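Undergrad: What follows is a structure written as structure tokens; I'll ask about it next.
Every number here is computed from the coordinates shown, using simple stated rules; none is lab data. Keep in mind that what you see is a predicted model, and the values were worked out from it rather than measured. We place every Cβ from the backbone using ideal geometry, glycine too, and count neighbours over all the protein chains shown.
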Number of protein chains: 2
Amino acid sequence: MSPRKIGVTELALRDAHQSLLATRMATEDMVGACEDLDKAGFWSVECWGGATYDSCIRFLNEDPWQRLRTFRELMPNTRLQMLLRGQNLLGYRHYEDGVVERFVEKSAENGMDVFRVFDAVNDPRNMAKAMQAVVKTGKHAQGTICYTISPVHTVEGYVKLAGQLLDMGAQSIALKDMAALLKPQPAYDIIRGIKETYGEDVQVNVHCHSTTGVTLVTLMKAIEAGADVVDTAISSMSLGPGHNPTESFVEMLEGTGYTTDLDMDRLIKIRDHFAAIRPRYAAFESATLVDTDIFASQIPGGMLSNMESQLKAQGAGDKIKEVMDEVPRVKADAGHPPLVTPTSQIVGTQAVFNVLFGRYKKLTGEFADLVLGYYGKTIGETSPEVIKIAEEQAKKPPITERPADLLKPEWDNLVAETKKLDGNDGSDEDVLTYAMFPAVAPGFFKTRSEGPKSVAMTEAELKARQEAAESGTTTAAVGSISYKVSVGGREHTVQVERA
Amino acid sequence: MSPRKIGVTELALRDAHQSLLATRMATEDMVGACEDLDKAGFWSVECWGGATYDSCIRFLNEDPWQRLRTFRELMPNTRLQMLLRGQNLLGYRHYEDGVVERFVEKSAENGMDVFRVFDAVNDPRNMAKAMQAVVKTGKHAQGTICYTISPVHTVEGYVKLAGQLLDMGAQSIALKDMAALLKPQPAYDIIRGIKETYGEDVQVNVHCHSTTGVTLVTLMKAIEAGADVVDTAISSMSLGPGHNPTESFVEMLEGTGYTTDLDMDRLIKIRDHFAAIRPRYAAFESATLVDTDIFASQIPGGMLSNMESQLKAQGAGDKIKEVMDEVPRVKADAGHPPLVTPTSQIVGTQAVFNVLFGRYKKLTGEFADLVLGYYGKTIGETSPEVIKIAEEQAKKPPITERPADLLKPEWDNLVAETKKLDGNDGSDEDVLTYAMFPAVAPGFFKTRSEGPKSVAMTEAELKARQEAAESGTTTAAVGSISYKVSVGGREHTVQVERA
């Protein structure tokens, strides 16, 4: 029997640098790998999402739509894939359905093929509109299960959610493990459950981060359970808070009943490309190598550092232990939302408030919204006492309907607002940029004509940094430095540079 | 059914820092972890071997026997484990049987419990004497299969070797994958083969490096095949050319039919201990994160850099590609020895010679010895032509007997030689140190009384280095630096230090 072919989604262009380099990679550092990415045989290349879009306009002075068109042009043979936050699109609030439709249409038109649609609290109603819109364009709609661990999250619950996504038109199901919490056995059980309940031909994609060090084994068990496509990142952009290395995944299957058919020569070229690029982004590197603490604490690394800086700002840096103990209670009271953006920030900040000001004495607006249902319905039950407090403090009622149903059509307004901004080019794409990032878009439109501004080190800067680290004692070669120097008993201010 | 318990050997004290930090870790940086290592529930703690012994006397001015006694005292409840190069002991030549016996006796007496006995070319005759000696002391004799990939290495061959080791008195079999070449399926097949052929109760230990990124999956499959004990390293001393993280291994088994029963609170303390230590050895860190090239090239990273520096020294740095192409031929001609110390150096250097001077125009003494059988018998057939050339150049005959059979009793001689050395303390341990490292021991004996000399950075140096790397432009705080500086047109030599 010939081995079963496993598809691979390469993450180098989106989640890998988002997880490892604070999403700072510039398009100019990606284009050189595109031909090999296009011809290596990937099921898809993930290349777009909320953080990359945000980073383009906030840090890189790049038009994210231009980046997408560049990818489309350079990778004509490969499915381009994006991550879409359901009704939030790539922004941080719910959008009215008309805006969701426009966004999906424009993304498809500019070249997107696969839309991985997810919702932070796993509320299918928050994914439905985006999924419909994708189906309408004829592109691939992928429904997503955000994996987390809690007393109310069960294999059966995840399998049921998969069914709801399929009912909504999902052409495949993504099992998304953003915190590297998915262990081999539950992965096996969930995927087996999906396949046995809805049919072996239901396509299942698996996305795992590598933070906890266990998830390459998870991918192996996922495949044994019938998974069809897995997400990996080329080795030079892998591990730590990122993902499992593509080449290792390919190699580990040798002799098993599975194969990827990826072209290793192409993979090596892609690897070498990013191996040369990555050190120039060293300033944005995360220090994490392996961290299994999250299995016990349920607190992702990013959330922890966030809470720490909030406490420090309040002169209460010594209370981190108390806050960490408070997180599980707040999470439970909110109905056990998975702790990912934005719920991780919302729960974490409320835990900080509880410790600083007394439990639920002061709610953040976002936490009130969360418990009142304005982010959708969590799987666990929300504490009735906390709902009552939220209702009083926020002065609005709890809701049970789909949050976006409360919104009025807003497209024409957004068009009008965008037209007022200097440098807008009159396109629907610009309206969408403004809609999703109203605070950042105006500045970006103004400076867009100046072209991309990389935040990577130059080769010279990199070399200087490396030399400085190696010697630990020398003045590096970047420009000159002023010193106060005593010569013959007299003090001078002098310029010094490397000879 | 309760889950099957898998034993774990922790590598932090030996192979982890050997692989990640050039074996430079001082005993003083280990003792703080010993109580937790002793109480975490490990099957064994690996803590001694050739490179650590060498490093103690060469770089750290530490007596390796004292290190062993320290471990014994601080870890009274745990099996201490060492890696022993069979008839080579911890040195680089074959020793006469009497020396082998003494070494094993003294090691047992000083506290060693488990002897993992291996031979670079997998010749059982090179392991037999050491194994017998271990059995005689009543300690645990572990016979080792060095895993490699070649046209002549087969699952059946490895299973057969396991049988030979068991016949020699091995109480367990180690499957040792020093180059991270062991993929999940072959691991499964070899271990299943051993268990089915010799009985399910034959203890199998698995040792994998993590260089290629695939081997945590290998450990999973090894366990499914029946492996009893696996080697891992605490996460803060893991990955890259090192090993899979202990905590990740523990976590990944949740919900499967296997468990480790390790104490996670202890593991976290061990992790934190080494997380604080490791950065002070940054100067010795390897840069490798994941490297799957070895699957194709068969050339371990250390061997490659070795060949490169040899070529550069000859002004032929541009010939590395030719040399890499030559390696497989030389390896085949030598009967496909696994490429580990010392065979990797021997084969690599001969490949360099072949490219520089013409194929087999000039043989190294070691390569001649290898093909003439003086390192033992390789599994593949050695090229008759090359044997003939070696015989002519080295002016000695090929041998088929066990190499150590050619040696005469040498203990009394070694005692006499050692007694002549300043600073020797008259112990058998000193004789063994001199026997194994005759070039280094005399200097060590002389300086031993000065006590351990750590090569780690101090906390202050570490901080300075980190600041230098972060700024990339500043003079760091370690001491002062001399510059040539022009002030008012005149050149001065000045001392500069951070204000």
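Undergrad: Counting DSSP beta bridges with both partners in the protein assembly as shown, what percentage is antiparallel, nearest 5?
TA: Roughly 15 percent of the beta bridges in the protein assembly as shown run antiparallel, per DSSP.
Undergrad: Let me ask something else about it. Could you pull out every residue, at least 5 positions away or on a different chain, whose amide H is within less than 5 Å of the one on residue A:172? Hs are placed 1.01 Å off N in the peptide plane, and Pro or chain starts have none.
TA: Hits under the 5 Å cutoff: A:143.
Undergrad: Go ahead and estimate [θ] at 222 nm for the protein assembly as shown from helices alone: -39,500 (n - 2.57) per DSSP H run with n ≥ 4, summed, over the residue count, rounded to 500.
TA: Result for the protein assembly as shown, helices only: -13500 deg cm²/dmol.
Undergrad: If you don't mind, there's one more thing I want to ask. Can you spot the aspartates and glutamates whose alpha carbon is less than 12 Å from residue B:183's alpha carbon? Ignore those fewer than 8 places along the same chain.
TA: A:251, A:254
Undergrad: Here's another thing I want to ask about it. Could you give the Stokes-Einstein D for the protein assembly as shown in µm² per second, using the C-alpha Kirkwood radius, 37 °C, 0.692 mPa s?
TA: Working: Rh = 31.2 Å.
After rounding, the answer is 105 µm²/s.
Undergrad: Across the residues of B:287-295, average count of Cβ atoms on other protein chains within 10 Å?
TA: 6
Undergrad: Follow-up question, since we're still on this one. Please give the residues of the range A:365-398, grouped as numeric ranges, whose backbone N is less than 20 Å from a label point set 7 Å along the Cα-to-Cβ vector of residue A:439.
TA: The answer is A:365-370, A:375.
Undergrad: Measuring nothing but label to label, 7 Å from Cα along Cα→Cβ, what are residue A:358's distances to the other copies in nm, shortest first?
TA: 9.5
Undergrad: Oh, and also: Note down the relative contact order for chain A as a percent, whole number, built from C-alpha pairs under 8 angstrom at least six residues apart.
TA: This gives 17 percent for chain A.
Undergrad: Another question, if that's okay. Would you please put A:437-443, A:324-330 in order of how densely packed they are, using the mean number of other Cβ atoms within 10 angstrom per residue and starting with the highest?
TA: Details: A:437-443: 16.9, A:324-330: 18.6.
Result, highest mean first: A:324-330, A:437-443.
Undergrad: Continuing with this model, one more query. Can you give the direction-averaged projected area of the convex hull of the alpha-carbon atoms in chain A, in nm²?
TA: Numbers: hull surface 111.2 nm².
For the Cα atoms of chain A, the hull's average projected area reads 27.8 nm².
Undergrad: Placing one identical point scatterer on every Cα of the range A:159-273 and ignoring solvent, what is log10 I(q)/I(0) from the Debye formula at q = 0.09, 0.20, 0.23 Å⁻¹?
TA: Log10 I(q)/I(0), no solvent term: -0.24, -1.07, -1.27.
Undergrad: At what distance in angstrom do the alpha carbon centres of the range B:277-312 and the range A:149-196 lie from each other?
TA: 40 Å
Undergrad: Quick one: check the C-alpha center-to-center distance for the range B:323-364 versus the range A:332-379, whole angstrom.
TA: Using only Cα atoms to place each centre, the spacing works out to 64 Å.
Undergrad: If you take each beta carbon of peptide A:385-395 and count the beta carbons of other chains within 10 angstrom, what is the mean?
TA: Across A:385-395, the average partner-chain Cβ count within 10 Å equals 0.
Undergrad: Could you tally the net charge around residue B:101, taking each other residue with its Cβ under 9 Å from the Cβ of residue B:101, Lys/Arg +1 and Asp/Glu -1? Before the final figure, lay out the partial values.
TA: Values: positive: B:102, B:129, B:136; negative: B:97, B:105.
Charge balance near residue B:101 sits at +1.
Undergrad: Taking a cut-off of 28 Å between Cα atoms, list the lysines near residue A:362, but don't count ones fewer than 8 places away on the same chain.
TA: A:312, A:319, A:321, A:331, A:377, A:388, A:395, A:396
Undergrad: Given the peptides B:179-189, B:410-420, arrange them by the average over their residues of other C-beta atoms within 10 Å, most packed first.
TA: B:179-189, B:410-420
Undergrad: Say a label goes 7 Å from Cα toward Cβ at residue A:322 in every copy; what distances in nm does this one have to the rest, shortest first?
TA: The projected label point of residue A:322 is separated from its counterparts by 7.3 nm.
Undergrad: Would you list which lysines come within 30 Å of residue A:453, measuring only between C-alpha atoms, while excluding same-chain residues fewer than 8 positions from it?
TA: Within the straight-line cut-off, residue A:453 pairs with A:39, A:106, A:269, A:419, A:420, A:463.
Undergrad: Around residue B:324, with a cut-off of 13 angstrom between Cβ atoms, what is the net charge of the other residues, counting Lys and Arg +1 and Asp and Glu -1?
TA: Local net charge: -2.
Undergrad: If we hang a label 7 Å off Cα along the beta carbon direction at residue A:35, how far is it from the matching labels on the other copies, in nm, shortest first?
TA: 6.2
Undergrad: For the range A:325-399, calculate the relative contact order in percent as a whole number, restricting contacts to Cα pairs under 8 Å that are 6 or more residues apart. Working shown, then result.
TA: Details: 89 pairs, mean separation 26.3, N = 75.
It comes to 35 percent, rounded to a whole number.
Undergrad: With the convex hull built on the Cα atoms of the range B:328-376, state its orientation-averaged projected area in nm². Provide the component values of the computation, followed by the final result.
TA: Details: hull surface 11.7 nm².
Spelled out: convex hull of the Cα atoms, projected over all directions, averaged, 2.9 nm².
Undergrad: Taking the alpha-carbon centroid of each part, what is the distance from the range B:1-78 to the range A:16-43 in angstrom?
TA: Cα centroid to Cα centroid, the span is 41 Å.
Undergrad: Same structure, new question: For the range B:285-400, I need the span (max minus min coordinate) of the C-alpha atoms along each principal axis, in Å, sorted largest to smallest.
TA: Principal axes ranked by extent give 43, 30, 22 Å for the Cα atoms.
Undergrad: Please compute the average number of Cβ atoms from other chains found within 10 Å of each residue's Cβ in peptide A:208-216.
TA: 5
Undergrad: What number, in percent, do you get for the relative contact order of the range B:40-108 if the mean sequence gap of Cα pairs under 8 Å and at least 6 apart is divided by its residue count?
TA: 36 percent
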